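Worksheet for the structure shown next.
The values are calculated or read from the model by the stated rules, or taken from the named source; none is laboratory data. Here the structure is a predicted model, which is why all the values come from computation and not from measurement. Cβ atoms come from the backbone with ideal geometry, glycine included; neighbour counts cover every protein chain shown. The protein model used for the area step is the full one, side chains on, heavy atoms only, and it has no ligands, DNA or RNA in it. Shrake-Rupley method; radii C 1.70, N 1.55, O 1.52, S 1.80 Å.
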Amino acid sequence: VARHLDAHFMRRTTVPELARMAGLSPSRFARAFAAAFGLPPIDYLIERRLAEAERLLRETDLPQPALAPQTGFADEFYFSRQFRRRRGRPPGSLRPRHSTR
């Protein structure tokens with residue numbers, strides 16, 4: 001399931017869908033996943049999406065509003081809110097600064 005989340009992090013998914021993949025009830029799956037990975041499945045997915053957003057912020061010139069759909073977030077405001085909450089700073093803070101001469 002974690003490999004599936006890593007490969008398909010842009011897709012919308014639910015715990016019941018993931019539980020079906022694992023052949024477990026949703027509650028049992030959520031407990032087992034959290035025990036194995038240290039995070040509930042949806043938090044794992046959000047972290048995976050944020051890791052991709054961090055990469056894109058550092059390596060591309062994509063405008064910040066375009067990052068939400070590129071990384072699986074429903075909208076730019078939710079993306080920005082999750083980024084600030086989980087990283088302690090705004091997404092734009094990862095953009096490389098251009099030197100001025």
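Per-structure values
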quantity	calculated
Residue in the stretch 27-39 that is over 14 Å from Arg12 (Cα atoms), in a loop (DSSP other than H, G, I, E, B), out of contact with any helix residue (DSSP H, G or I) (no Cβ under 6 Å at 6 or more places or on another chain) and of a type in the set (Ser, Thr, Tyr) present	no
Residue match in the stretch 40-59 (condition: open to solvent by less than 60 Å² (accessible area, probe 1.4 Å), touching a Pro at 6+ places or on another chain (Cβ under 7 Å) and free of Cβ contacts under 8 Å to residues at least 12 places away in the same chain)	no
So Met10, is it among the aliphatic types (A, V, I, L, M) and not in a helix (DSSP H, G or I)	yes
Enumeration of residues in the stretch 60-101 that are of a type in the set (S, T, N, Q), farther than 22 Å from Leu5 by Cα and open to solvent by less than 70 Å² (accessible area, probe 1.4 Å)	Thr60, Gln64, Ser93
Search result, residues across the stretch 26-39 that are surrounded by fewer than 13 Cβ atoms within 10 Å (Cβ to Cβ) and at negative phi	Ser27, Arg28, Ala35, Ala36
Filtered residue count, the stretch 54-72, keeping only those that are more than 11 Å from the chain's Cα centre (by Cα) and outside any helix (DSSP H, G or I)	4
Candidate set: the stretch 13-25, residues that are among the hydrophobic types (A, V, I, L, M, F, W, C) and part of a helix (DSSP H, G or I); chosen: the one most open to solvent (accessible area, probe 1.4 Å)	Met21
Test: residue in the stretch 61-72 that is under 25 Å from Phe29 (Cα atoms), at pLDDT 90 or above and touching a Leu at 6+ places or on another chain (Cβ under 9 Å)	yes
